[in-house]
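Peer 1: Handing you this structure, nothing more for now.
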Amino acid sequence: MTTVIESKQNTTLRHLARLAREKKYRQGAGEMVCEGGKMLGEALGSGVRIRTVLLRSGEAFPADVCADIDRAAAQGARIFETSASLFAQASDVETPQGLLFACEPPHRLADDLPQTLSGAVLLDGVQDPGNLGTILRTADAFGLDAVILCEGCTDWTAPKVVRATMGAAFRQPVYRMPLGEAMAALRARGLPIYAAALDTDSVPVTEVPLSSAAVIVGNEGRGVTQQALEQSDRKVIIPMAGRAESLNAGVAAAILIWEMTKGAPR
């Protein structure tokens, strides 16, 4: 059964709007908000619990999306419908897709870090949502075992990040751990740790074995922290023939992930 929302003061509408815009509210509610039929299918496929689905009135959805809406309802999700103007208040994009939903985020805790890892990327203060989304999407594409978010990273459940992952947010293993704890855990699992940094003693990534290793990617402006530099086994750089001094954090991480996984069976 679909419930029609007719007031901008509606509790569910305001709840979805706050999930889209407020990190602390998402954390307190234990929910994230996503938009579009593709994301709904990804969320259902990952097994997360869908709590609320909001539809824009008059929207004609493809048969597979309609089936996913029914599936979410059968699993206990509440289905709502509202006008285009009220729907826009719940969405954080200028051109909403006509379907958004709230769900529990995939739970990735420090204790869940597998005992056997073939590779991992540690993100040391990556702030840009687009960069983080790109990194998660790339890690998923190449089958990286883990992306670990350390201090200062942007919230990976933010709508902008989730959109940039193109569904990888529901597939890629993501963990949150302090940098020192993460490095200790990776060393205990036998992985050397390299920091991506432009320094006098940095070596090209092509000269170190990255196939069973962890790499630290730093903040867009300041790079990796001093703690990461001091505690890493070695500093590495991506060789570049052009005149640019550095790469976008998302692009740099993508190249490093490819180097880490290029020999892995597909």
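The values are calculated or read from the model by the stated rules, or taken from the named source; none is laboratory data. A quick note: this is a predicted structure, and the numbers were derived from the prediction, not measured. Cβ coordinates were reconstructed from backbone atoms using ideal geometry, including for glycine residues, and neighbour counts include every protein chain displayed. Just so you know, the surface numbers come from the protein's heavy atoms only, side chains and all, with ligands and any DNA or RNA stripped out. Shrake-Rupley method; radii C 1.70, N 1.55, O 1.52, S 1.80 Å.
Peer 1: Can you give me the accessible area per residue for the chain, using a 1.4 Å probe, in Å²?
Peer 2: 47
Peer 1: Please name which of 86, 48, 15 has its Cα lying farthest along the dipole of region 1-88 towards the positive end, using unit charges on Cβ (Lys, Arg +1; Asp, Glu -1) and the Cα centre as origin.
Peer 2: Ranked along the dipole, the leading option is 15.
Peer 1: How big is the charge dipole of the chain about its Cα centre, in debye rounded to the nearest 20, if each Lys and Arg gets +1 on its Cβ and each Asp and Glu gets -1 on its Cβ?
Peer 2: For the chain, the charge dipole is close to 380 debye.
Peer 1: Now, a different point. Which one, (1) 31, 22, 18; (2) 39, 18, 16; (3) 23, 21, 19, gives semi-axes √(5λ) of the Cα gyration tensor in Å as derived from the coordinates shown?
Peer 2: This structure yields the entry labelled (2).
Peer 1: Two decimals, Cα atoms only, Kirkwood Rh: what is Rg/Rh over region 12-108?
Peer 2: Using only Cα positions, Rg/Rh for region 12-108 is 0.93.
Peer 1: So for region 76-181, taking the charge dipole from beta-carbon charges (+1 Lys/Arg, -1 Asp/Glu), which of 133, 76, 180 sits furthest toward the positive end?
Peer 2: So the residue we want is 76.
Peer 1: How big is the dipole moment of region 1-74 about its Cα centre under a simple scheme where the beta carbon of each Lys and Arg is +1, that of each Asp and Glu is -1, and everything else is neutral? Debye, nearest 20, please.
Peer 2: Computed about the Cα centre, the dipole is about 500 debye.
Peer 1: Taking all protein chains in place and a 1.4 Å probe, what share, in percent, of the accessible surface of region 51-194 do carbon and sulfur account for?
Peer 2: Carbon-and-sulfur percentage of accessible area, whole number: 51.
Peer 1: Dipole magnitude of region 88-131 about its Cα centre, charges +1 at Lys/Arg Cβ and -1 at Asp/Glu Cβ only, in debye to the nearest 20?
Peer 2: It comes to approximately 100 debye.
Peer 1: For region 55-106, what is the Kirkwood hydrodynamic radius in Å, using each pair of distinct C-alpha atoms?
Peer 2: After inverting the pairwise mean of 1/r, the radius is 12.0 Å.
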